[in-house]
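A short write-up of the structure that comes next.
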Amino acid sequence: MENTYQLGPTRHFPVAAVNHILKDVLTAYLQEAEYDPEFCRQMTKTVSEVIKAKVKELMIPRYKLIVTVYIGQQDGQSILISSRCLWNPKSDTVSSYALRNSTLFALANVYAVYFE
Amino acid sequence: MEVYHRPCDEGGFNAEEAHNVVKECVDAVLGGEDYNHNNINQWTASIVEQSLAHLVKMGKAYKYIVTCAVAQRSAYGFHTASSCFWDTTSDGTCTVRWENRTMNCIVNVFAIAIVL
């Protein structure tokens with residue numbers, strides 16, 4: 001990739017649109033699902049690929065994407081997931097959505113990093 | 001036409017070094033501790049912040065995203081997957097899994113090269 005001689009991105013990452021994508025994908029795949037080890041193992045991989053493909057369709061130039069998906073059984077146990085990032089806050093951002101149903105919880109994060 | 005040479009990334013992200021650095025941080029924060037609901041907020045924050053500080057000290061030109069999931073150990077299922085859209089020659093990732101008698105901890109590090 002070449003030097004653009006620009007100071008920042010021409011098009012910023014649309015966090016709201018990506019939030020909608022995450023919500024749609026997670027509800028479509030997991031709202032009615034029951035926790036099952038094999039099914040969820042496959043689902044985490046599938047869901048992360050689907051989210052990545054949909055966000056790529058938005059065609060935001062010069063943004064690199066990292067999609068992480070966590071799915072776990074909801075059984076009264078406690079879990080805490082946190083993240084910190086060292087980046088340029090003017091151009092880079094994160095989008096996240098969490099879903100819960102009676103047997104499982106799912107969390108999807110999309111980190112978008114501008115290629116400087 | 002000018003050929004733009006990127007500064008040498010020393011063959012991409014050094015996952016092994018990052019793995020060792022992060023493992024030390026997790027051992028320092030969680031080693032010898034039992035799961036305690038009051039403290040996990042503080043522990044995850046320390047793990048992530050210390051890992052980030054150590055990674056930055058390595059002095060490489062990278063943006064970092066560090067995520068940490070700490071869960072109580074019980075008979076539950078937990079899956080995580082991630083999918084990335086980036087430049088595989090310069091960017092990389094590393095995952096550290098750590099556990100003791102009462103809890104499980106997973107730390108993911110994503111490093112994206114900055115081209116100066």
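Each reported figure results from applying straightforward, stated rules to the coordinates on display, with no laboratory input. Just so it is clear, the structure is predicted and the values come from calculations on it, not from any experiment. Here Cβ is always computed from backbone atoms with ideal geometry, including for glycine, and neighbour counts include all displayed protein chains.
Two decimals is fine: what is log10 I(q)/I(0) at q = 0.17, 0.23 Å⁻¹ for the stretch B:32-116, from a Debye sum with one equal scatterer on every Cα and no solvent? Each listed q maps to, in turn, -0.79, -1.17. According to the Cα-based calculation, Rg over Rh for the stretch A:1-64 is 1.14, with Rh computed by the Kirkwood formula.
Pair-distance distribution P(r) for chain A, from all Cα-Cα distances in 5 Å bins starting at 0: 2, 11, 22, 20, 17, 12, 8, 5, 2, 1, 0 percent. Listed by chain and number, the aspartates and glutamates whose C-alpha is less than 15 Å from the C-alpha of B:K23, apart from same-chain residues fewer than 8 away, are B:E49, B:E99. Computed from Cα atoms, the angle from the helix B:40-57 axis to the main principal axis of chain B rounds to 30 degrees.
Of the listed pairs A:K23/A:K45; A:K45/B:K60; A:K64/B:K63; A:K56/A:K90; A:K23/A:K56; A:K90/B:K57, which have alpha-carbon separations greater than 19 Å here? Intermediate values should be presented prior to the final figure.
Details: A:K23/A:K45 17 Å; A:K45/B:K60 30 Å; A:K64/B:K63 11 Å; A:K56/A:K90 21 Å; A:K23/A:K56 16 Å; A:K90/B:K57 23 Å.
Correct reply: A:K45/B:K60; A:K56/A:K90; A:K90/B:K57.
The Cα atoms of the stretch A:48-107 cover 42, 26, 12 Å along the three principal axes, with the biggest extent listed first. Of all aspartates and glutamates in the structure, those lying under 18 Å Cα to Cα from A:K54, and not within fewer than 8 positions of it along the same chain, are A:D24. Per residue, chain A reaches -11000 deg cm²/dmol at 222 nm when only DSSP H runs of four or more residues are counted, each adding -39500 (n - 2.57).
Relative to the longest principal axis of the Cα atoms of chain A, helix A:37-57 runs at roughly 20 degrees. Along the Cα-to-C-beta direction of A:D24, a point sits 7 Å from the Cα; which residues of the stretch A:58-84 have their amide N less than 16 Å from that point? A:58-60, by backbone N distance to the label point. Both radii are taken from the alpha-carbon atoms of the protein assembly as shown; with Rh as the Kirkwood radius, Rg/Rh is 0.98. Once the Cα atoms are used to define both axes, helix B:15-30 deviates from the longest principal axis of chain B by about 30 degrees.
A simple spin-label model places pseudo-atoms 7 Å from Cα toward Cβ; at B:D34 and A:A17 they are separated by 5.2 nm.
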